Amino acid sequence: MNDPAPGAGLARYAILLHEPQDDLNIGAVARACRNHDLRDIRLLRPASNDPDRVAITAPRCEDFLRAHVRSFDRWTDAVEGIHRVYALTARGREERHRRHRLDDLIADLLRRPDLRVAFLFGREDSGLPNAALDACDGYVTLETGTWSSLNLAQAVLLVVARIFAHEGRAVPMPPPTRDFPPARAEQIDRMMGDAERALDAIRFFRGDQRENVLRTLRRIVQRAEPDEQELATLWGLFARVRKFATHGRDSPGPADPER
């Protein structure tokens, strides 16, 4: 199945993995990128990149993997056509470049649609070497709790999801299969009358609780903003309670109220 064309802004982003060691992570990264319409995945000196292993964590993505995942041996080739490279790192170090919050950086990049941007991720066991960090234009640290170590694919997913939130075109949410108009105020008033009679029939009220109970019940119903079908269900419940309390299980009793 062919993927739809990505949003115009997404085509300028690349995900660059520096010496990835685990083919399963490469597959998971590719799957995350496909989920979010990013189609430029670059691998710098991967340890293996065995298609069969990669496909384990990217099922039914074989065509996507062949078309959009590329391997490179040299840094200069891996960043060809890229204007800015930002490294993902939680490392504390004497920094030569500015450190960014991810959302702030993406917001800044929205004002520079002419730039092609790569996000650089280090190898699973040792992260990014100093030479790679020094070649970047800035650093990004993902916001976490005190334990900041993330799996490679998890880190990529967090980044591409935020890029997509800013620049993507999400598949529209399907409409509800059944759509009813909102319940009208007079319908709620009539339902409340039946509710009061039903609660009377089971001797629910004690002392001077009546007004407080009915006020609370009305507030619950109004806060829920029910549609006509939902109100009818609640209304029918009170009607059945009243029928059972007044006439017993087997007696037909009064008809259900008109809506």
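Figure the gain on full extension for Ala224 and Arg162 (residue separation times 0.36 nm, minus the Cα-Cα span) and round it to one decimal in nm.
Residue separation times 0.36 nm, minus the Cα-Cα distance, leaves 19.1 nm.
What nm distance separates the two modelled labels at Ala11 and Asp50, each placed 7 Å from Cα along Cα→Cβ?
Going from the Ala11 label point to the Asp50 one covers 3.6 nm.
Using +1 on the beta carbon of Lys and Arg, -1 on that of Asp and Glu, and nothing else charged, what's the dipole of the stretch 185-247 about the Cα centre, debye to 20?
Charge dipole of the stretch 185-247: 380 debye, to the nearest 20.
Which listed residue (Val159, Thr57, Val241) has the Cα farthest towards the positive end of the charge dipole for the chain, taking +1 on Lys and Arg C-beta and -1 on Asp and Glu C-beta about the Cα centre?
Result: Val241, furthest along the dipole toward the positive end.
Run the helix sum for the chain: -39,500 (n - 2.57) per DSSP H stretch of 4+ residues, divided by residue count, reported at 222 nm to the nearest 500 deg cm²/dmol.
-13000 deg cm²/dmol
Rounded to the nearest 5, what % of the DSSP beta bridges within the chain are antiparallel ones?
10
For the chain, with only Lys/Arg (+1) and Asp/Glu (-1) charged at the beta-carbon, what is the dipole magnitude about the Cα centre, in debye rounded to 20?
580
Using a Gaussian network model of the chain with C-alpha springs under 10 Å, which one of Glu225, Glu124, Glu167 is most mobile by mean-square fluctuation?
Most flexible of the set in this elastic network: Glu225.
Among [x] 28.1; [y] 23.0; [z] 19.5, which is the computed mean projected area of the Cα convex hull in nm²?
[y]
Springs between alpha-carbon pairs under 10 angstrom, Gaussian network model over the chain: which of Phe244, Phe121, Phe64 fluctuates most?
Ranking Phe244, Phe121, Phe64 by mean-square fluctuation puts Phe244 first.
What length, rounded to one decimal in nm, is gained on full extension from Asp63 through to Ala135, with 0.36 nm per residue of separation minus their alpha-carbon distance?
Between Asp63 and Ala135, full extension yields an extra 22.7 nm.
Spin-label point model (7 Å from Cα, Cβ direction): what's the Asp125 to Val171 distance in nm?
Distance between label points: 3.8 nm.
Within the chain, which complete DSSP H helices have Cα atoms spanning at least 15 Å along the helix axis and a mean Kyte-Doolittle hydropathy of -0.5 or higher?
Answer set is 23-35, 152-167, 228-247.
For the chain, set up a Gaussian network in which alpha carbons nearer than 10 Å are linked by springs, and say which option among Pro113, Pro182, Pro46 fluctuates the most.
Comparing Pro113, Pro182, Pro46 in a Gaussian network model of the chain, the most mobile one is Pro182.
Per residue, what volume in Å³ does the convex hull of the Cα atoms of the stretch 185-247 enclose?
Roughly 68 Å³ of hull volume per residue.
Can you give me the relative contact order of the chain as a percent, contacts being Cα pairs under 8 Å and 6 or more apart?
Taking the mean separation of contacting Cα pairs over the length of the chain, I get 20 percent.
Which value results for Rg/Rh of the stretch 113-223 when Rg is the Cα radius of gyration and Rh the Kirkwood radius based on the inverse mean 1/r?
Reported Rg/Rh, Kirkwood definition of Rh: 1.38.
Readers should treat all values here as calculations from the given coordinates under stated rules, not as data from a laboratory. None of the values given here were measured: they were computed from a predicted structure. So basically every Cβ, Gly included, is an ideal-geometry build from the backbone, and we count neighbours across all protein chains shown.
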